Amino acid sequence: MPEAEYEKKLDSVLAWKKAQKLGRFDPNAPSHAAARKSALEAEAQEKGIKVGKRCRVGADDGRRGLVMYAGEVPEIPGDGLWVGIRLDEPLGKNDGTIGGTRYWEPQGEAPAMKHGVFVRPERVDIGDWLPFDDLEDMEEI
């Protein structure tokens, strides 16, 4: 169905959203977005999220790394603060580049593929998280 025809319907979800003043039809929507943005920034400041800090992503302690970027990322849907992390292991989704924009420089010669991830501040725990030692549990032969 063409968009113009859908907009004329009175029994659609779009018509209901207009009547209820939801989403883009909410006159206070810009203030909601601004409040969410400032809440994300406050959370990052409270947690001490800064470039160069060691961190872990998520409570499962499976991904550790270094904060490389904190700021807005227009290539990711959703306004507000994103935290870019260079992971110690290749458990990420990128190399610090999203949509052709590089958010941090690679360490060494070539970009570390699958070592980058962008997450919201609530998923980041700052601390003295050491890199995993794969050989830690092995006994000497």
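The values are calculated or read from the model by the stated rules, or taken from the named source; none is laboratory data. On a predicted model such as this, the values are computed, not experimentally measured, just so you know. Quick reminder, even Gly has a Cβ in these numbers, built from the backbone with ideal geometry, and neighbours come from all protein chains shown.
Among the residues of the stretch 40-60, write down those that are without any contact (Cβ under 8 Å) to a residue 12 or more places away in the chain and either in contact with a Gly (Cβ under 8 Å, 6 or more places away or on another chain) or not polar (S, T, N, Q) (or both). Lay out the reasoning, then the answer.
Filtering the stretch 40-60 for residues without any contact (Cβ under 8 Å) to a residue 12 or more places away in the chain gives 42, 45-46, 60.
Result: Ala42, Glu46, Asp60.
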For the stretch 76-92, how many residues are more than 19 Å from Ile49 (Cβ to Cβ) and over 11 Å from the mean Cα position of the chain (by Cα)? 3
Scan of the stretch 54-73 for residues that are farther than 13 Å from Gly116 by Cα and either of a type in the set (Lys, Arg) or surrounded by fewer than 17 Cβ atoms within 10 Å (Cβ to Cβ) (or both), ordered by number: Arg54, Gly58, Ala59, Asp60, Asp61, Gly62, Gly71, Glu72
Any chance the stretch 100-113 includes a residue that's buried (at least 18 other Cβ atoms within 10 Å of the Cβ), in a strand (DSSP E or B) and under 14 Å from the mean Cα position of the chain (by Cα)? no
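Name the residue that is modelled with the lowest pLDDT, counting only residues in the stretch 94-123 that are of a type in the set (A, V, I, L, M) and out of contact with any strand residue (DSSP E or B) (no Cβ under 6 Å at 6 or more places or on another chain). First the steps, then the outcome.
Of the stretch 94-123, the ones of a type in the set (A, V, I, L, M) are 98, 110, 112-113, 117, 119.
Narrowing further to those that are out of contact with any strand residue (DSSP E or B) (no Cβ under 6 Å at 6 or more places or on another chain): 98, 110, 112-113.
Working: Ile98: 92, Ala110: 71, Ala112: 78, Met113: 87.
Among them, the one singled out is Ala110.
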